Amino acid sequence: MDRFLIRGGQRLTGTIPTSGSKNAALPALAACLLTADPVTLEGIPNVRDINTMERLLAHTGAIVQRDGNSVTVAATNLDRPEAPYDVVKTMRASSLVLGPLVARAKVARVSMPGGCAIGARPINLHVTALEALGATTHQDHGYIEARAPKGLQGKLVTFDKITVTGTEDLMMAATLANGETIIENAAREPEVEDVANLLTKMGAKISGAGTSTIRIQGVARLHGATHRIIPDRIEAGTFMIACAITGGEVRIAGCQPAHLGALIAKLRQAGVTVEEENADTLLVRAGDTLRSTDITTEEHPGFATDLQAQFMALMTQATGISFVKENIFENRFMHAPELTRMGANIRIDGRQAIVAGPTQLSGAQVMATDLRASASLVLAALVAKGETTIDRVYHIDRGYERIEEKLQAAGADITRIS
Ligand code: EPZ
């Protein structure tokens, strides 16, 4: 298993490019199952979760061809509409094929996702939503099987809880249902809007994506399209925080500032200068002091839970007490004990972490647990005194494309040890 070796103390400077969004690419790849025509997606990052989804699509019978950061999927024959356990256990976002398979192939067999490091993360809301559209489901041997032999029927569906992939799953299924589907309490993440834009290019009739109410008029079939995925706001946000924690000055290129409003506001509150240089470039410059700042994770457009661990690492260097509240997942503080081992002063009280800073971090041997917790350990290592080794960096490779190369190019002393 690969490890990172990081020597702290280098200021980041220069320009860091943003890759395509993993969390827009995953549902976009699943959407390709909705048509027999080839769909080409551009700006697809080369990260483990995407490779997993490509393998899953091929398993169902689709032809998947990758050319650099473009992927073409032709789901002409779906002869195995299922997501097997050995794929789903490595990536719970495999549940995104449930809706498209039921809608297109009239049947889907998807392994239930096991537990996940950051929480139970069931898919009950996905299943209930598809049942509302007339699918019949039953669970056995760890699989959920959904059937709709006569097709799906458009309905009003109100989500009990806001769910990003649940919204995407239902929206994709509804594109081929009979009649109109209205989704209430829908997720408003930019990735939901991006999938809706792809589906519209494929011939779907969707309005309201990006708001809490999405309307979908079902059509008989969808056709091929070409679509460029939005940039990854979580990757961009991670690099903005990397700049701030090292006292650097960095341009984040190829991003969408409009997707980063909550983080920009909090970084400014902490004393970091953030300027929108143009439509797709953010200039980030650390101030001479870092002020303690409270965050509470919320659904978009609130502060993203996927940036909580990274911001906590930054607050270990801020002067004062910072309160970090995690409202989305029940167990998303696993980075805290590792940061504490590096010298951070963090106390966990239920869904709240209290960070006292600044503390001088010292390099240590630490272990990655989940994707974003691992990113926060990289950030801490960039400012820690001495050498840090991070084991199990495959967690990081799930969602960050060539992170060590991008950081090296900006001046970080980081190497991958295979
Ligand atoms: C998406 O996961 C993202 N993944 C996650 O990013 C992100 O953390 C999360 O949204 C929240 O923003 C992708 O888009 C592929 P949810 P998702 O359904 O859709 C509960 C990363 O690091 N819930 O919005 O799985 C759930 O347990 C990943 O890139 C149910 O109870 O998250 C959670 O507490 C991590 N039943 C809350 O809702 C369900 O059926 C929000 O989850 C579904 C969800």
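The values are calculated or read from the model by the stated rules, or taken from the named source; none is laboratory data. The shown structure was predicted, so the numbers you read here are calculated from the model rather than taken from an experiment. Cβ placement follows ideal geometry from the backbone for every residue including glycine, while neighbour counts extend to all protein chains displayed. When the accessible area is computed, the model is the full protein with side chains, heavy atoms only, and any ligands, DNA or RNA have been set aside. Shrake-Rupley method; radii C 1.70, N 1.55, O 1.52, S 1.80 Å.
Let me check I have the definition right: for the chain, take the eigenvalues of the Cα gyration tensor, multiply each by 5, take square roots. What are those semi-axes in whole Å, largest first? Could you put the intermediate results ahead of the total?
Details: eigenvalues 288, 85, 82 Å².
They are 38, 21, 20 Å, listed largest first.
How many percent of the accessible area of the chain is carbon or sulfur, using a 1.4 Å probe? Spell out each step's value before the answer.
Numbers: 7420 of 15580 Å².
Looking at the chain in its full context, I get 48 percent from C and S.
Between beta-carbons, use under 10 Å as the cut-off and find the net charge around Gly224, counting Lys and Arg +1, Asp and Glu -1.
Working: positive: Lys201; negative: Asp37.
For residues surrounding Gly224, the net value is 0.
Over segment 247-361, give the accessible area per residue in Å² for a 1.4 Å probe, as an integer. Don't skip to the end; give the middle numbers.
Working: 4640 Å² over 115 residues.
It amounts to 40 Å² per residue over segment 247-361.
Mind putting a number on the dipole of segment 1-111 about its Cα centre? Charges go on the C-beta only, +1 for Lys and Arg and -1 for Asp and Glu, and I need it in Debye to the nearest 20. It would help to have the intermediate numbers written out before the result.
On the way: 13 positive and 9 negative charges, 91 e Å.
In debye, rounded to 20, segment 1-111 gives about 440.
If each DSSP helix of 4+ residues adds -39,500 (n - 2.57) and the sum is divided by the residues in the chain, what number results at 222 nm, nearest 500 deg cm²/dmol?
Only helices count here, giving -8500 deg cm²/dmol.
Distances longer than 19 Å among the Cα atoms of segment 123-183: what percent of all pairs is that? Don't skip to the end; give the middle numbers.
Numbers: 450 of 1830 pairs.
Above the 19 Å cut-off, segment 123-183 has 25 percent of its Cα pairs.
If you build a Gaussian network model of the chain, linking Cα atoms that sit under 10 Å apart, which residue out of Asp140, Asp79, Asp306 swings the most?
Asp140
Starting from the Cα gyration tensor of segment 22-228, take the square roots of the eigenvalues, sort them a ≥ b ≥ c, and report rounded, prolate or oblate (rounded when a/c is under 1.5, otherwise prolate if a/b is larger than b/c, else oblate). Please list the in-between numbers first.
Values: a/c = 1.24, a/b = 1.07, b/c = 1.16.
Verdict is rounded for segment 22-228.
Using the Cβ atoms and a cut-off under 14 Å, what net charge is assigned to the surroundings of Val195, where Lys and Arg are +1 and Asp and Glu are -1?
Charge balance near Val195 sits at -2.
With every protein chain present, what is the per residue accessible area of segment 22-228 (1.4 Å probe, Å²)? Before the final figure, lay out the partial values.
Values: 7890 Å² over 207 residues.
Per residue, segment 22-228 has an accessible area of 38 Å².
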